[in-house]
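Notes for the one structure printed next.
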Amino acid sequence: MFVDTHCHLDDPAFEEDLDAVIGRAREQGIAWILDPGTTVATSERAAALARQYDTVYAAVGIHPEDCADASAEDLDQIENLAQREKVLAIGEIGLDYHWDENPPKAQQKAIFARQLEMAGALGLPVIIHDRDAHGASVDLVKSSAFNPDAGGVFHCYSGSVETARILLDRGFYLGFDGPITFKNNKKSPEVVAFAPLDRLLIETDSPYMAPVPHRGKRNEPAFVADIAAKMAEIKNLPVEKIAEATTANAKRLFHLEEGRS
């Protein structure tokens, strides 16, 4: 059994064949899929898909690239959505300093901090997007804006071993996607090798970043098995051990072992 802890099933790329995509995931032993929203609209869509499909769960949030015009009303809507059935986390939230045209850093920080506070108040973990903003992201999760008891994952982790050590010490999980299978990616495999098995998650970030041997194709949750296989290679463990550990980690982080629905 595998779990894809980050897959945008709400994306238009899946409009034409979503039933088939979810069917292929089942055939590959994907026990469940977590669909994180990036706007109010996609969060609503993710929550709706979670109600429609028994193997799909949702997270809700406003992504840093989509936060330029985020209002107090938008954040209230996210908070309301977070209390729906099968919504497991606040996310995808965070910071993205990669593109100059992204929203101003101050706006990103303000929206990120507000959603961190929201997660703590609701007792929900967070799914964090951190791109070229490692220092600022660490500072915010170390600040009073974040309740460490809520827990969370740094999705598609791309930082260093040194930053990973800080996050692991603060109780975070690290999520890994297709890039760990890319030949030119040296940093992520080093972090996978360093991190303890009980703090790793596997995810696809579908429909983006398909792993080897599917590069250039639309990514989908069935391909999480390829992420697990690469993680097993890096850790020098049977893939069954990776499946067992990462599934247990996902259940623990997202409180599914407590029976949340």
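The values are calculated or read from the model by the stated rules, or taken from the named source; none is laboratory data. All figures in this text were calculated on a predicted structure; none of them were measured in a lab. Here the Cβ positions follow ideal geometry from the backbone for every residue, glycine too, while neighbour counts run over all protein chains shown. The accessibility values were calculated without ligands, DNA or RNA, using every heavy atom of the protein model including side chains. Shrake-Rupley method; radii C 1.70, N 1.55, O 1.52, S 1.80 Å.
Could you list all residues from region 173-208 that are open to solvent by less than 70 Å² (accessible area, probe 1.4 Å), assigned to a loop (DSSP other than H, G, I, E, B) and closer than 23 Å to Ile30 by Cα?
Initially, region 173-208 is screened for residues open to solvent by less than 70 Å² (accessible area, probe 1.4 Å), giving 173-182, 185, 188-189, 191-193, 195-197, 199-207.
Narrowing the set further to residues that are assigned to a loop (DSSP other than H, G, I, E, B) leaves 177, 182, 185, 195-196, 203-205, 207.
Asp177, Phe182, Pro196, Glu203, Thr204, Asp205, Pro207 - these are the residues of region 173-208 that are open to solvent by less than 70 Å² (accessible area, probe 1.4 Å), assigned to a loop (DSSP other than H, G, I, E, B) and closer than 23 Å to Ile30 by Cα.
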Task: Pairs, first free of Cβ contacts under 8 Å to residues at least 40 places away in the same chain in region 99-121, second among the β-branched types (Val, Ile, Thr), C-beta under 6 Å, six or more apart - done: Ala119/Ile90; Ala119/Val126
TODO: Go through (1) of a type outside the set (Phe, Trp, Tyr); (2) free of Cβ contacts under 8 Å to residues at least 24 places away in the same chain; (3) assigned to a helix (DSSP H, G or I) and name the single condition Leu49 misses.
DONE: (2)
Task: Among residues of region 236-256, those that are open to solvent by less than 90 Å² (accessible area, probe 1.4 Å), free of Cβ contacts under 8 Å to residues at least 24 places away in the same chain and within 17 Å of Phe176 (Cβ to Cβ), counted - done: 1
Task: Among (1) without any contact (Cβ under 8 Å) to a residue 60 or more places away in the chain; (2) in a strand (DSSP E or B); (3) open to solvent by 10 Å² or more (accessible area, probe 1.4 Å) - the single one Tyr57 does not satisfy - done: (1)
Open item on the list: With the requirement that a residue be outside any loop (DSSP other than H, G, I, E, B) and open to solvent by 10 Å² or more (accessible area, probe 1.4 Å), what does region 151-172 give you?
Closed with: Val161, Glu162, Thr163, Arg165, Ile166, Leu168, Asp169
- [ ] Those residues that are open to solvent by 10 Å² or more (accessible area, probe 1.4 Å) and in contact with a helix residue (DSSP H, G or I) (Cβ under 6 Å, 6 or more places away or on another chain), I need them from region 223-235; list them, please.
- [x] Ala229, Lys230, Ile234
Task: Residues located in region 101-144, provided they are closer than 25 Å to Tyr57 by Cβ, open to solvent by less than 50 Å² (accessible area, probe 1.4 Å) and outside any helix (DSSP H, G or I) - done: Gly123, Leu124, Pro125, Val126, Ile127, Ile128, His129, Asp130
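Of all residues in region 160-190, which are touching a strand residue (DSSP E or B) at 6+ places or on another chain (Cβ under 7 Å) and farther than 13 Å from Pro125 by Cβ?
The answer is Ala164, Leu167, Leu174, Phe176, Ser188.
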Open item on the list: Restricting to region 24-46, count the residues that are assigned to a helix (DSSP H, G or I), open to solvent by 10 Å² or more (accessible area, probe 1.4 Å) and under 22 Å from Val126 (Cβ atoms).
Closed with: 5
